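Just so it is clear, none of the values below were taken in a lab; they were calculated from the coordinates. The shown structure was predicted, so the numbers you read here are calculated from the model rather than taken from an experiment. With ideal geometry, Cβ positions are generated from the backbone for all residues, glycine too; neighbour counts draw on all protein chains shown.
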Amino acid sequence: MLNTLQTWLDKFALDPEKTSLRTLLPAINVVLVLLVIIGISISGVGLLRKLANQQGLAQVQLAGASAREELRRFSEDASKQVRSMAADVTLRRVLQERSTDLLSLLRRACIAADMDSCALVRGDVLMVHADRDNSEAFKDEDWAGVLTAAREQGERFSAVPSALLPPVMGASAVVAADANDAMQTVRLYALRNYDARLATRLRERVGMPVLLINYRAFNNAVVDDFTRLNSAALSDGRSAAERIDKQDLFAASFPVFASTGEAIALIVAELPTDVSDASTRVLTHRLLFTAVLVGALAMGISLLLAQLVAQPVSDLTYAATRLAQGDFSTSIPTRGPAEIGVLARTMENMRRNLVELTGTLRHREAEARAVLGGTIEGVYAVDKLRRITYLNPQGARMLGINAEDAIGKFCGDVLKPCVDKLGNRPCDSHCPILQARLNNNAQATERLQINDGRVTSAVITSAGLVDGLQVQVMRDETELEAIRRARDSVLANISHEFRTPLAAQLASIELLLDGLEHMPVQQTRELVQSLERSTQRLTALIDNLLESVRIEAGQLSIRQQTVALSDVADEAQVLVGPLLAQRNQQLQIDIPEELPNVSGDEVRLTQVLVNLLANASKFAPENSIVRVGAEALENQVCAWVEDEGPGVPEEKLSSIFDRFSRGPEAEPEAGGLGLGLWIVKSIIDRHGGTITASRTADNRTRFSFTLPVST
């Protein structure tokens, strides 16, 4: 009901918020009354139509049943007429004399008996046949089919000669019998057609138009409005009735069957729908007139009632409007009906409470602004959509903006955090505000772009969401503090990484000193080899550290020369061969001979391949295969190093090439400084290429890098 009312209001552009109560109440009452009347009218008209349809269908069904019963009576009358014709003395005498008057006598007898066709048959031989109108519509071959049906069905029979001729009902009787030879017995056959003349007689009997349809013609005819009805009647075997709206008719179909069960014809009774629809139209007009009259009465009564209710509501609305505008001095009128009076008194109490609450809130707001203005950190608050609702002066100075300009803007557009190395905006990937909504608090260090072009580092601490607001505290981190933390982290990593090989060297030296005189040669060799590995590890750590310093200082120079990647791979194999041999690993190099040369520094590219192979040897299992391959792309060459190790964790893919980025915690051997892949990426970047880490379809770890083709 409410949806219907809203639809009516929308249709007539009636806005409840802008329409007076004096107009809205009568309109609602009239609509409700009309809806009730329309509902009753629709239900009544629908019921009347249903009853009219049922009555019309019952009439055509009764007419069709009566027509079929009349056909049965016509068949019985035909049987009596044939027996009477066969007993005619004149016919028998003319038959014995074999006179030429037999045909004319047979036609006169046929007309006198009200038959359409007659024939005399001796045994199975057609002697003579005659039609009522002398049209000779029935041919010898048509009579052959009729005689066959007569032999199957007996003295009373029905048949369909062809699709072009109407079905027939008929009867037969013996004219002259021969006891010694049945083939000499003469029988008289008389037929009555299922044609328009018979349909007219049926219409006179049942008082309704009747159609007689040839079953064979129906099977071969095109589909029309009566096809479904007749098909339903044939399927049911008794009758079918329905309303055919395209023809404006009620129609009933009754199939006619021979005694053998063969379908002969269809009887269709028709009744125009105008008779039943006329009473429905009269009732509809009366209901519409009643609806208009009752609607007018409802409008008048509603106007009187609206006047009694609308004035107190108008006064209350005026006072509430003043109250909403901040005028708390306007009192609320309390007169009117009981419910409106209760509402007015409640609003008056609410007005007084608002006066007290507003004073308290203003006092507390002043206290909060004083506290936030005195803090050294920047403070800002956001709503559920992360739009800034408050920014203290310290935060505005830190961001280089006016606090008023930030209100209502998305916090990411005001703070302008820098994107990460993968191009992801912190607001979309790891926003501390969203994390705090899940964990009640969160902290993140962000690099913010200041309006004057500077980039500053700030630690943002976010509290949880309370009443739709969320408070964040920004603490500015100076360049010196960032350098100090980086220095402490690097020194801690260097101390840790140097301690492991030094401890291994010290242990080997102590064992050598203790057993130098009596230790077997094999054990001595193993200790010396351990010293060698530790020394090589220290050398690699120092080299990587020095290389990173040179890169950071901008001292990494790249010589542009034409380089064959196959030569680089061979040189790297020589350098990494002993490392692979220690773990029984094999190196397979698959670089096509026709691979184009690249432009770059051969020494630096060898360093790239050595670092990647050392990394692969470190993480690949013993007795495995490390592969090096390359292929030509458009204006580039893509090379790769594959191993059978566990691969790079998905969460490390975005930082694996960062400086001091370490591998998984459970490494197969002691970890490095996290500089190897960073050095590799720095060299590749300076060559104008790219490097990526991925997992191949056959579950291998692949580091791929591209280099420009030498021109």
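A DSSP coil position with no more than 10 other Cβ atoms inside 10 Å describes the following GluC sites (Glu not before Pro) in region 592-633: Glu593, Glu594, Glu622.
Under the combined filter of DSSP loop state and at most 11 neighbouring Cβ atoms within 10 Å, region 386-444 retains these trypsin sites (Lys or Arg not before Pro): Lys421.
For Val637, the residues whose modelled amide H falls within less than 5 Å of its own, excluding neighbours fewer than 5 places apart on the same chain, are Leu707, Val709.
Working from Cα pairs under 8 Å separated by at least six residues, relative contact order for region 18-303 is 25 percent.
Compared with the alpha-carbon gap, the fully stretched path from Ser231 to Ala278 is longer by 13.9 nm at 0.36 nm per residue.
The fewest-to-most ranking of Leu354, Leu211, Leu609 by surrounding Cβ atoms within 10 Å reads Leu354, Leu211, Leu609.
Legend: ranking of residues Thr360, Thr706 from fewest to most surrounding C-beta atoms inside 10 Å; resulting order Thr360, Thr706. Exposure proxy ranking for His518, His363, His129, based on other Cβ atoms within 10 angstrom of each Cβ and starting from the fewest, stands as His518, His363, His129.
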